[in-house]
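Take a look at the structure below.
The values are calculated or read from the model by the stated rules, or taken from the named source; none is laboratory data. Nothing here was measured: the structure is a model prediction, and the numbers come from that model. For neighbour counting, all protein chains shown are included, and Cβ atoms are generated from backbone atoms with ideal geometry for every residue, glycine included. Ligands, DNA and RNA are stripped out before the accessible areas are found, and what is left, the full protein with its side chains, is counted by its heavy atoms. Shrake-Rupley method; radii C 1.70, N 1.55, O 1.52, S 1.80 Å.
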Amino acid sequence: GKLEEAKKNIRDASECNGRQVPDSILQGPTVTEKMSEAEVTVDKATVLDLFNTKLMFFRTINMGFQWFSVTMCYYGLTNASTALSGDAFGNFLLSCLIEIPGYFFCIFLMDIWGRRPILSFCQIISGVSCVIVGLLSGVESVVGLQVFLSLIGKFGASASFAIVYVYTAEMFPTSIRNQAVGVCSLIARIGGIVSLLLDLLKNFWGPAPVFIMGCVATTAGFLALLFPETLGQKLPETMQDAYRVGEGNKRGICSCTCVSPTELYKEELKEVEK
């Protein structure tokens, strides 16, 4: 639009400074540059690309279900902690404190064990704990076991909450990463709402809320095994890269990479030393 005017201003400035302007600056974009711009334009993705192909459709639905399950269990167990037998205030405090080891669990094992096994393991642990807590509801002789299992479930939900953000960002390409995380976060809010509505089912069966949360989390844990492992993989830039995530990665569920803390956090240690 104003290319000629820009060239004139550059020439005037160069004459004023007694300098010569390189011809390359005044030339228009080359054919190669135009092709690159065209490729970038073509590669622009929208939120609909999350559902365009069968692979991306099931991957998006599965990840959305993971977020739904994690949020429902996280807030559901937090609210249910005050309804357990024993001191309501003490149970709620323990439910909050158990989140700390859950986060540290992810921090130290995320780059050793991998994203997929941690998410699957924590979801299943959280789900099974919820199911058992629900079945033991009302049995006064096992109050301590109920509280303990509730804390194990909250531990798994907290760890899953920490890993699901990283896993989602690594599974979807840069061109649509924000939209993917936004869609999953939207589904997660629905899970938070459902966790409160489940409390109404107590009128029909007391253990129903915790039991249902446990079944959903356990199902999500097994579905997480269908995801590709992203540990050690380059972040996908385009939709084509996203389709190839996990290709050639032979890491199993029990595979671990032994890395010393110094090697694992060498970049952070360099910053601290500065």
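For the range 132-207, the square roots of the Cα gyration tensor eigenvalues, ordered a ≥ b ≥ c, give a/c of at least 1.5 with a/b no greater than b/c, which places it in the oblate category. Remark: relative contact order (the chain) = 28 percent; criterion is Cα-Cα distance under 8 angstrom and separation of 6 or more residues.
Accessible area per residue, 1.4 Å probe, Å², for the chain: what's the number?
Values: 15580 Å² over 274 residues.
Value returned for the chain: 57 Å² of accessible area per residue.
Of the listed values (i) 0.99; (ii) 1.01; (iii) 1.18, identify the label whose number matches Rg/Rh (Cα atoms, Kirkwood Rh) calculated from this model. Derived directly from the coordinates: (iii). The modelled label-to-label distance between Glu271 and Glu15, using points 7 Å beyond Cα along the C-beta direction, is 5.1 nm.
Excluding same-chain pairs closer than 8 in sequence, count the lysine pairs in the chain whose Cα atoms lie under 25 Å apart. For the chain, the number of qualifying lysine pairs is 13.
Gain on full extension, evaluated as 0.36 nm per residue between Leu3 and Ile100 minus their Cα-Cα distance, stands at 29.2 nm.
Summarising the label geometry, the points placed 7 Å from Cα in the beta-carbon direction at Leu225 and Gln179 lie 3.3 nm from one another. Spin-label pair Leu135-Leu200: with each label point 7 Å from Cα along the Cα-Cβ axis, the two points sit 2.9 nm from one another. Within a Cβ distance under 15 Å of Thr230, other residues only, what is the Lys/Arg minus Asp/Glu net charge? Net local charge, Thr230 excluded: +2. Give me the percent of accessible area attributable to carbon and sulfur for the chain, probe 1.4 angstrom. For the chain, the apolar C and S fraction of the accessible surface comes to 66 percent.
Summed over qualifying helices (DSSP H, 4 residues or more, each -39500 (n - 2.57)) and divided by its residue number, the chain shows a 222 nm mean residue ellipticity of -22000 deg cm²/dmol.
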